[in-house]
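*Asks:* Okay, handing you the structure first.
What follows draws every value from the coordinates through simple rules; no lab data is involved. Note that this is a predicted model, so its numbers are computed, not measured. Positions of Cβ are generated from backbone atoms using ideal geometry, with glycine treated the same way; all protein chains shown enter the neighbour counts.
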Amino acid sequence: MNTASDLAALSSIAAQVDELARRITALAETYGRTPDSAVASELFSTERAFATARRSLDRATTLLSRMPDA
């Protein structure tokens, strides 16, 4: 277990989650302007799930950063 390496991995994953969330939001907003709001609704639900995942990653990063390097 290498804490520094794991923190770097978490940082990379968090950046990817952020990018995916931005892309999903943009797509959802596009469908929000169409008669098919069901698509937008599902995409916004996905966006919220990514926000939850991001908060979990942040908590894991905080906890890992407090651990001594093993």
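*Asks:* Using beta carbons and a limit of 9 Å, which pairs, at least six apart or on different chains, have the first residue in the stretch 1-27 and in contact (Cβ under 8 Å) with a residue 60 or more places away in the chain and the second one loosely packed, with under 14 Cβ neighbours inside 10 Å and part of a helix (DSSP H, G or I)?
*Replies:* Listed by first residue and then by second, the contacts come to Thr3/Ser65.
*Asks:* Considering only the stretch 29-67, state which residues are without any contact (Cβ under 8 Å) to a residue 24 or more places away in the chain, closer than 30 Å to Met1 by Cβ and not in a helix (DSSP H, G or I).
*Replies:* Passing the criteria: only Arg66.
*Asks:* Can I ask one more? Checking Ala26 against (1) over 11 Å from the mean Cα position of the chain (by Cα); (2) assigned to a helix (DSSP H, G or I); (3) under 30 Å from Met1 (Cα atoms), only one condition comes out false. Which one?
*Replies:* It is condition (3) that Ala26 fails.
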